[in-house]
Every structure is written in C-alpha cells, then in structure tokens.
1. Filter the stretch 1-41 down to the residues that are aromatic (Phe, Trp, Tyr) and assigned to a loop (DSSP other than H, G, I, E, B) and list them by number.
2. Residues in the stretch 17-34: is at least one without any contact (Cβ under 8 Å) to a residue 12 or more places away in the chain and under 18 Å from Gly118 (Cα atoms)?
3. Within the stretch 89-135, track down each residue that is assigned to a loop (DSSP other than H, G, I, E, B) and either among the aliphatic types (A, V, I, L, M) or within 16 Å of Val37 (Cβ to Cβ) (or both).
4. Scan the stretch 71-80 and tell me whether some residue there is surrounded by fewer than 20 Cβ atoms within 10 Å (Cβ to Cβ), part of a loop (DSSP other than H, G, I, E, B) and over 12 Å from the mean Cα position of the chain (by Cα).
5. Please determine, by comparing only the residues of the stretch 55-92 that are free of Cβ contacts under 8 Å to residues at least 12 places away in the same chain and of a type in the set (S, T, N, Q), which one is nearest to Glu43 (Cα to Cα).
6. Tell me, which residue of the stretch 125-140 that is hydrophobic (A, V, I, L, M, F, W, C) and surrounded by 16 or more Cβ atoms within 10 Å (Cβ to Cβ) is farthest from His68 (Cα to Cα)?
7. Does any residue in the stretch 127-155 that is closer than 21 Å to Ala54 by Cα come within less than 9 Å, Cβ to Cβ, of a residue that is aromatic (Phe, Trp, Tyr) and part of a loop (DSSP other than H, G, I, E, B) six or more places away or on a different chain, and which pairs are these?
Amino acid sequence: MARTGTTENGRSVAILGIADSQAEWETVPAKPYGALVISGSGERPDKIRFQRIAEQLLETGCAWATLHAGKHTSKLHDIFDRAVVDYQLKHSPDVEMMTSGDDEDSLEEALRDAVHFGFPSYGDPFPELLVLVVAAPDTKLEEQAEALAKSVKPE
C-alpha cells in the first residue's frame with residue numbers, strides 16, 4: 001500500500017515500495033511530476049531492472065528524478081541517463097527527464113534534493129512527488145523515506 005502525505009514545503013508525496021521492475025504501481029502523480037528513486041539493496045544497481053523503471057517513469061510523466069543508491073548512485077545515474085536517450089530515440093524526442101544525485105549523498109540529502117530542488121529552475125515546482133523505494137518488502141526504507149519526506153527542510 002502506498003504511503004501519502006505532504007512535504008514541509010507543501011508538495012504532495014506518495015511513497016511506493018516495489019520489489020522489482022515488474023511490480024504494478026499503485027499510484028502515480030499527475031504529469032509532470034518529480035520522483036526520488038531509492039535503490040535499497042546496497043548493491044550495484046541492476047541495469048535491466050532500473051532501465052525498465054526509468055522507462056515507466058518516462059511513460060507516466062516524470063520530468064525530474066533524484067536518484068539514491070549510496071556509493072552506486074553514479075551507476076544508477078548512468079542507467080537512467082541512457083534509458084532517457086534510448087526512450088527519446090525509440091519513442092519521442094520531446095520527452096525529457098532530468099536526473100540528479102551523488103554517491104556521497106545520504107538518504108536525507110537525496111530527499112532534500114528531491115523535495116526542495118528537484119524541479120526545473122525555469123518553471124514552477126512540480127506539485128507532486130513520487131518516492132519509489134526499490135527494495136525487498138521487509139526493509140524499513142519506506143517508513144524512513146516517509147518520515148524524512150514530511151520533515152526535511154532546505155539547508
């Protein structure tokens with residue numbers, strides 16, 4: 001079941017946990033929206049799994065994705081950036097999804113980026129945010145992400 005709430009700066013947030021890229025998403029924000037994608041395994045992100053997730057985000061209207069995979073965030077970033085280009089070449093050159101995230105960022109820093117800075121500087125903030133936790137269902141990452149999303153303040 002998706003967790004929902006409101007961030008400190010008034011954005012609607014849905015926190016959704018999935019175990020793999022084949023999982024059915026219970027909820028998706030209205031287009032365009034921002035997302036935080038958390039790889040909860042602690043291992044190097046699986047290229048096929050996260051390419052499919054990136055494609056689903058593109059298809060559902062995600063325009064900004066903040067990525068968090070600990071020390072493997074740059075690898076996740078590469079997977080997403082390639083997936084965006086592949087999607088543009090195969091389906092629509094007009095589809096855009098910006099990405100952000102650093103290997104050194106903690107989960108709190110990644111959430112701060114998604115909540116307060118994960119939208120284009122030339123437009124209005126996206127009113128809705130999807131936090132997608134890709135991990136085994138028994139992790140506490142969804143609960144942790146929910147608490148942080150509702151409380152994190154800009155630096």
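1. Trp25
2. So far as the stretch 17-34 goes, no, none of its residues is without any contact (Cβ under 8 Å) to a residue 12 or more places away in the chain and under 18 Å from Gly118 (Cα atoms).
3. Val95, Met97, Gly101, Asp102, Asp103, Asp105, Ser106, Gly118, Phe119, Phe126, Ala135, listed by residue number.
4. There is no residue in the stretch 71-80 that is surrounded by fewer than 20 Cβ atoms within 10 Å (Cβ to Cβ), part of a loop (DSSP other than H, G, I, E, B) and over 12 Å from the mean Cα position of the chain (by Cα).
5. Among them, the one singled out is Gln88.
6. Out of the qualifying residues, it is Phe126.
7. Final answer for the pair search is Leu130/Trp25; Leu132/Trp25.
To keep it simple, each residue is scored yes or no on (1) modelled with pLDDT of 95 or more; (2) surrounded by 18 or more Cβ atoms within 10 Å (Cβ to Cβ); (3) touching a His at 6+ places or on another chain (Cβ under 7 Å).
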| position | (1), (2), (3) |
| --- | --- |
| Arg3 | no, yes, no |
| Thr6 | no, no, no |
| Arg11 | no, yes, no |
| Ser21 | no, no, no |
| Glu24 | no, no, no |
| Ile38 | yes, yes, yes |
| Phe50 | yes, yes, no |
| Ile53 | yes, yes, no |
| His68 | yes, yes, no |
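The values are calculated or read from the model by the stated rules, or taken from the named source; none is laboratory data. These numbers were taken from a predicted model, which means no experiment stands behind them. When we count neighbours, we look across all protein chains shown, and the Cβ atoms used for this are built from the backbone with ideal geometry, even at glycine.
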